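For reference, the structure discussed in these notes is given below.
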Amino acid sequence: MSALTVIAIIGGYFALLILISFLTGKDDSNAAFFRGKKQSPWFVVAFGMIGASLSGVTFISVPGWVATSQFSYMQMVMGYMAGYIVVATILMPLYYRLNLTSIYGYLEQRFGFWSYKTGAFYFLLSRVIGASFRLYLVAIVLHIAVFEPMDLPFWLAVLVAVVLIWVYTFRGGIKTIIWTDTLQTASMLLAVIVTIFVIKDSMDWGFGEMTSAIAQSDYSQVFFFDDWNDSKHFVKQFLAGMFITISMTGLDQDMMQKNLSCKNIGEAQKNMFWFSAVLIIANLLFLCLGAMLYLYSAHIGFDMSIAGDKLYPSLALGGELGMLAAVLFIVGLVAAAYSSADSALTALTTSFCVDFLGMDKTEKSSDKKVRKIVHIGFSFLLFIVIMVFKSVNDDSVISELFKVAGFTYGPLLGLYAFGLFTKRQVMDKWVPTVAIAAPIICYVLQSNSEAWFSGYKIGFELLLINGLITTFLLFLISSRNAAE
């Protein structure tokens with residue numbers, strides 16, 4: 001596929017996003033940008049959240065991951081479901097009852113100023129890194145398909161990827177994101193389904209033959225119970241999935257900002273339950289796609305050294321799957337990556353404006369201008385972090401994403417767990433120290449776990465361990481009194 005064709009496809013797609021932005025962003029007030037004036041239909045939020053949760057990381061990395069991890073990822077997906085139940089029944093009612101714009105306002109009411117700022121800081125850190133990982137994938141594909149053939153540098157692909165987000169989010173914020181995410185979810189799922197059927201037809205399979213081939217392949221094992229030291233063990237992955245969801249959804253301003261834009265708690269919970277059920281099916285589709293990509297590669301004699309994150313884009317853009325699959329791959333990838341990255345940029349702007357600039361407490365005539373400057377600032381920060389990540393990445397992006405989440409979301413998990421399930425009061429000024437110490441302890445444990453614990457290797461359960469250590473350290477600096 002020529003660079004000009006790719007440019008035309010992406011240009012047409014973003015023209016549609018900008019049109020949606022124009023229609024939904026006529027009111028560019030802070031109230032619309034931060035919470036959509038609490039007028040978002042729950043079913044639109046639910047469908048759009050599927051794309052935001054899956055993201056470009058899922059779109060490329062989950063299919064590529066199948067060769068080394070089989071279908072073990074479904075164990076984490078089952079844990080996701082349990083986590084969403086916790087979010088919908090415990091955290092969301094709390095946020096609605098307190099009428100929060102930023103969910104980290106809870107920490108200020110429960111513990112105090114420094115706890116509040118610590119929670120907000122860890123969200124900013126987590127989301128900047130997570131959004132950068134996701135946009136990194138888009139930049140790779142843009143570079144391979146467009147910029148490399150024109151002998152243009154990688155940094156230019158990154159710049160274009162970031163600027164495109166800014167263009168359609170700088171006015172409407174979450175009010176625009178709710179509707180653009182709906183389009184992007186539909187585009188991404190269409191790409192996956194069509195690609196599966198293209199491969200099915202290329203292999204001369206009926207639907208039953210296709211499902212049998214996947215089930216009988218070396219890639220289809222879901223459950224792993226044999227080796228406790230294996231990072232794919234069911235208990236590890238289920239608990240990791242559960243607490244990743246609680247942290248990366250329930251304690252994340254990005255995901256909760258969408259839910260807080262619903263009219264009331266009833267509609268927000270309805271959105272969460274439907275979204276979580278459909279998400280299981282969507283993830284299974286991605287794993288099936290991964291198995292079929294590897295089976296198809298072996299069938300046509302494709303270079304199997306090209307695996308992991310590069311397999312799907314190499315087959316789609318190389319022409320092996322045909323023009324329709326190539327076009328939908330580009331649209332699907334851009335949609336998948338931007339459905340999470342665009343809302344992350346909006347949530348980062350919201351959190352900084354509310355949590356650090358106090359825009360929800362006082363309303364000034366200059367607030368809108370300041371918000372737009374902050375929006376540009378975070379766009380530039382994403383560009384810098386992507387370039388740093390490019391220089392150090394040596395693994396599947398989804399694996400790297402969960403590793404980082406274990407370190408950055410752990411203090412948030414510990415803070416909320418301690419606040420919700422105890423009545424003790426911490427010494428607020430020591431909370432930042434605890435939030436720094438817990439990840440450092442986790443890093444030491446993870447680096448030495450095999451030597452110290454008879455071959456046991458800490459995997460994605462690092463998040464839970466981090467949360468437990470944070471909770472324990474908070475207990476050490478707490479008392480039964482309501483104040484310090």
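The values are calculated or read from the model by the stated rules, or taken from the named source; none is laboratory data. Keep in mind that what you see is a predicted model, and the values were worked out from it rather than measured. Cβ placement follows ideal geometry from the backbone for every residue including glycine, while neighbour counts extend to all protein chains displayed. Accessible surface is based on the protein model in full, side chains and every heavy atom, while ligands, DNA and RNA are left aside. Shrake-Rupley method; radii C 1.70, N 1.55, O 1.52, S 1.80 Å.
Summary table below
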quantity: Relative packing of 445-456, 132-143, which averages over residues the other C-beta atoms within 10 Å, highest first; calculated: 132-143, 445-456
quantity: Karplus-derived 3J(HN,Hα), 6.51/-1.76/1.60, for each residue of the range 95-109, Hz, glycine and proline x; calculated: 5, 5, 5, 8, 6, 7, 8, 9, 5, 7, x, 4, 5, 5, 5
quantity: Equivalent ellipsoid dimensions for the range 278-354 as semi-axes, Å, which come from the Cα gyration tensor, largest first; calculated: 31, 14, 12
quantity: Value of [θ]222 nm, deg cm²/dmol, for the chain, DSSP H segments ≥ 4, -39500 (n - 2.57) each, nearest 500; calculated: -24000 deg cm²/dmol
quantity: Distance violations [Cα-Cα > 27 Å] among LYS200/LYS258; LYS263/LYS429; LYS368/LYS390; LYS117/LYS369; LYS117/LYS403; calculated: LYS200/LYS258; LYS263/LYS429; LYS368/LYS390
quantity: Mean Cα-pair separation over length for the chain, i.e. relative contact order, pairs under 8 Å, 6 or more apart, %; calculated: 32
quantity: Kyte-Doolittle mean at least -1.0 and Cα axial length at least 30 Å: DSSP H helices in the chain; calculated: 3-24, 42-69, 113-142, 174-202, 265-300, 323-351, 367-392, 431-452
quantity: Å² per residue, accessible surface of the range 400-484 at 1.4 Å; calculated: 49
quantity: Separation between Cα centres of the range 205-241 and the range 302-355, rounded to whole Å; calculated: 24
quantity: Prolate/oblate/rounded call for the range 62-151, Cα gyration tensor, a/c under 1.5 rounded; calculated: oblate
